[in-house]
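Data block below; observations after.
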Amino acid sequence: MSAHLAHGLGTDPVAPDWPPLTDAEVTAVVGPARVVWRSPRPLSAAAVAERNGRRLFVKRHHVRVRSAEGLAEEHAFLRHLRGRGAPVVEVLDAVRRGVWTYEVHSAGTGTDLYRDALSWSPFRSPGHARAAGAALARLHRAAEGFDAPRRRAQPLVASFTVFAAAGDPSPRLDRYVAERPALRRALAGYPWRADTRRVLLPLHERLAPHLAGLEPLWTHNDWHASNLLWDADGDVATVLDFGMSDRTTAVHDLATAIERNAVQWLEPGFPVRTADALALLDGYRSVRPLSPAESAALPELLPLVHAEFALSEMGYFHGVTRSPENTRLAYAYYVGHAEWFTGARGRGLLDRLRERCAAAPPR
């Protein structure tokens, strides 16, 4: 097998943190099968395998990242969505072998147009952005009625607790950090309280008046082009990868989709694809119009939507993969993305979203 490279936190491929799945390893989990593709995604090892003419998606996690119990939380959500007719993969198995936890899904229908794209790569067109927005709204419709509590503390989950209520978020942030020992140790070398007060708390003050009107909802939390399979008409055929899902709010998930797809975080200067942001919002509202509270909250939430996942990544890079450089980059992500929204380009994007949210939703 040739050397397998993974996506890093920049634009260059890097050696993977986790060894790639082997044919023998996959066979031990699913029976006689042949690996036909190995994922370059960096936070786990995953592959597509063929067994008796059927394609399966196999993913391996270290137990410090996902236990069987941790996987059961997201798998229950997937089963609910599938039962409501959402185009998500079928959960087939989850098993622990030694220090590894494996999950097996159906491979889904549609074409993986963004298979080799980096996670923060943009859509190919505003048409794809609009289709992705509409698909996200349909997923939120299907998620209604799933009332499981939020997930237990574990790495690499995009939760929404610290900035989710009015009032000073500092006690909630302290509690979040205290529940995650690896994150607490990672933050020891950074001025995180001062940076939070300086950059993130003023943004939360703008968001706070709108929070009471947001209804809790289990959401995807990693909605970007490469987690979607596409049909021949340019619509979303299958939604993939619920590893970061949790109980947040619909508008939190929509803000995540805009933040991850419309701002080119891997490019110098962070160019903005405003047309994609507006198309994604229009597509969403064509299926599920935003409430007045959601319309007001969306632009104010966008600068904060990344925060808890950035902290979760810090704990992961410090405590699991033990990478000081990636820990540093995750901290820069925690502060820097929020700070960017206070500059000219960030404010410009937020202003355009405010204007669009104030207009009537598209038909």
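Remarks
- Condition check for Pro20: outside the structural domain of Tyr316 (by TED's automatic domain parsing), in a loop (DSSP other than H, G, I, E, B), modelled with pLDDT under 90 and touching a His at 6+ places or on another chain (Cβ under 6 Å): no
- Residues of the range 93-116 satisfying the condition of being outside any loop (DSSP other than H, G, I, E, B) and surrounded by fewer than 14 Cβ atoms within 10 Å (Cβ to Cβ): Asp93, Arg97, Thr111
- The range 130-184, subset among the aromatic types (Phe, Trp, Tyr) and in contact with a strand residue (DSSP E or B) (Cβ under 7 Å, 6 or more places away or on another chain), residue surrounded by the most Cβ atoms within 10 Å (Cβ to Cβ): Phe160
- Scoring Pro271 on the criteria (1) modelled with pLDDT of 95 or more; (2) in contact with a helix residue (DSSP H, G or I) (Cβ under 9 Å, 6 or more places away or on another chain); (3) at negative phi leaves a single failure, condition (1).
- Residue count, the range 274-290 (criterion: surrounded by fewer than 19 Cβ atoms within 10 Å (Cβ to Cβ) and either of a type outside the set (D, E, K, R) or in a loop (DSSP other than H, G, I, E, B) (or both)): 5
- Yes/no for Asp253 being assigned to a loop (DSSP other than H, G, I, E, B), in the same structural domain as Arg138 (by TED's automatic domain parsing) and surrounded by 21 or more Cβ atoms within 10 Å (Cβ to Cβ): no
- Members of the range 165-187 found to be touching a Pro at 6+ places or on another chain (Cβ under 9 Å) and part of a loop (DSSP other than H, G, I, E, B), listed by number: Ala166, Arg180
- Applying the condition of being surrounded by 22 or more Cβ atoms within 10 Å (Cβ to Cβ) and not aliphatic (A, V, I, L, M) to the range 313-327 and asking which residue is farthest from Ala359 (Cα to Cα) yields His318.
- Residue match in the range 59-78 (condition: in a strand (DSSP E or B), under 26 Å from Ala131 (Cβ atoms) and in contact with an Asp or Glu (Cβ under 8 Å, 6 or more places away or on another chain)): yes
- All positions within the range 232-245 that are in a strand (DSSP E or B), surrounded by fewer than 24 Cβ atoms within 10 Å (Cβ to Cβ) and out of contact with any Gly (no Cβ under 7 Å at 6 or more places or on another chain): Val236
- Selection count where residues are under 13 Å from Thr219 (Cα atoms) and aliphatic (A, V, I, L, M), scope the range 240-281: 7
The values are calculated or read from the model by the stated rules, or taken from the named source; none is laboratory data. Since this is a predicted model, take the numbers as computed values, not measurements. Reconstructed Cβ throughout: ideal geometry from the backbone, glycine too, with neighbour counts over all protein chains shown.
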